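Asks: Sharing a structure with you now.
Coordinate-derived values only; no laboratory data. On a predicted model such as this, the values are computed, not experimentally measured, just so you know. Here the Cβ positions follow ideal geometry from the backbone for every residue, glycine too, while neighbour counts run over all protein chains shown.
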Amino acid sequence: NESEYAYGNATGKEYITYLGELSGKDLNYFWDQWINHGGYPKYTYGSNKIDSGSGSIVDVQIGQEQDITTKEVPFFKMPIDIKIKFEDGTDSTIVVENEAVQIQNFSFSFDKVVKNDDYLDFDPNNWILCTSREIEFNSTDEELIVEPKIHLAKNYPNPFNNQTTISFVSNFDSNFQLLVFNQAGQEVYRKGFSAVGGNENRIKFNAQSLNSGVYFYQINDLERGLRSNVRKMLYIK
């Protein structure tokens, strides 16, 4: 409660816990992306408006173009302020939740006519540490395609004894497989699992049943047939 920290100090962990309790929300994802990773969101946005009688409809598309296939830089799940300006000189600010790795579409209906030019401000108060650039609005009904990517990081520890952690990041949700091969190219381990795009996924690999030596590992996407880069690890019993 508030009196617990009144006129005193709180650790970073206590501060984070308190804000979560105060808001009633799970904010772990927010702190993880800003504290435990590097980089910042690089937004793209586009918009289109259609006037309808005494009102307007505004469609907005938002994406992020930082390379999230390196585990150092995540996809940033963030609320974003969008300010819409009207012909009568007034404006309205809407908060949208940007939480999809693919380009996200939003549509808003207003009972007033939106300005013809310069009618949208992205993050107007600069609340977010980011870059943003306006792009042409994609008016087709086709789903916008984002090139699927997988980035496989170095395992840790390496060399290792019995167990090591293998991490990877993809920019799409899917079912995956971890494959491990010996130096002769023979498969010695296979494990299937599902993972969410934009997050760092960690797999504990236990090699107790294997002989000491050099092994290679790779992540495969079972739905698209996409394969990650290959990494090498050294197992010492």
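Asks: Enumerate the amide H contacts of A153 below 5 Å, restricted to partners 5 or more residues apart or on another chain; note that Pro and chain-start residues carry no placed amide H.
Replies: S167, F168, V169
Asks: Out of N105, F76, I57, whose Cα points farthest toward the positive end of the dipole of region 39-134 (charges: +1 Lys, Arg; -1 Asp, Glu; placed on Cβ)?
Replies: The residue sitting most towards the positive pole is F76.
Asks: Also, I was wondering about something else. Cα atoms only, the chain: Rg and Dmax in Å?
Replies: According to the Cα coordinates of the chain, Rg and Dmax are 23.3, 76 Å.
Asks: Now, a different point. Roughly how far apart, in whole Å, are the Cα centres of region 75-90 and region 1-46?
Replies: Using only Cα atoms, the two centres lie 23 Å from each other.
Asks: I would also like to ask the following. Mind ranking 5-14, 23-32 by how tightly packed they are, going by the mean number of other C-beta atoms within 10 angstrom, highest first?
Replies: Order by mean packing, descending: 23-32, 5-14.
Asks: Given H placed on each backbone N at 1.01 Å, which residues far from V113 in sequence or on other chains put an amide H within less than 5 Å of it?
Replies: The answer is E87.
Asks: So how do H151, H37 line up by other beta-carbon neighbours within 10 Å, fewest first?
Replies: Lowest to highest Cβ neighbour count: H37, H151.
Asks: How high is the relative contact order of region 44-115, in percent, counting Cα pairs under 8 Å that sit 6 or more residues apart?
Replies: 39
Asks: Under a straight-distance cross-link criterion of Cα-Cα below 28 Å, which lysines are reachable from K42, leaving out those fewer than 8 residues away in the same chain?
Replies: Of all the lysines, those that pass the test against K42 - Cα under 28 Å, at least 8 places apart if same chain - are K13, K25, K71, K77, K83, K85, K115, K149, K154.
Asks: If I fit a long axis through the Cα atoms of helix 12-23 and take the longest principal axis of the Cα atoms of the chain, what angle between them do I get, 0 to 90°, rounded to 10?
Replies: 50
Asks: Just want to confirm a number: the relative contact order over the chain, from Cα pairs under 8 angstrom separated by 6+ residues, in percent.
Replies: 17
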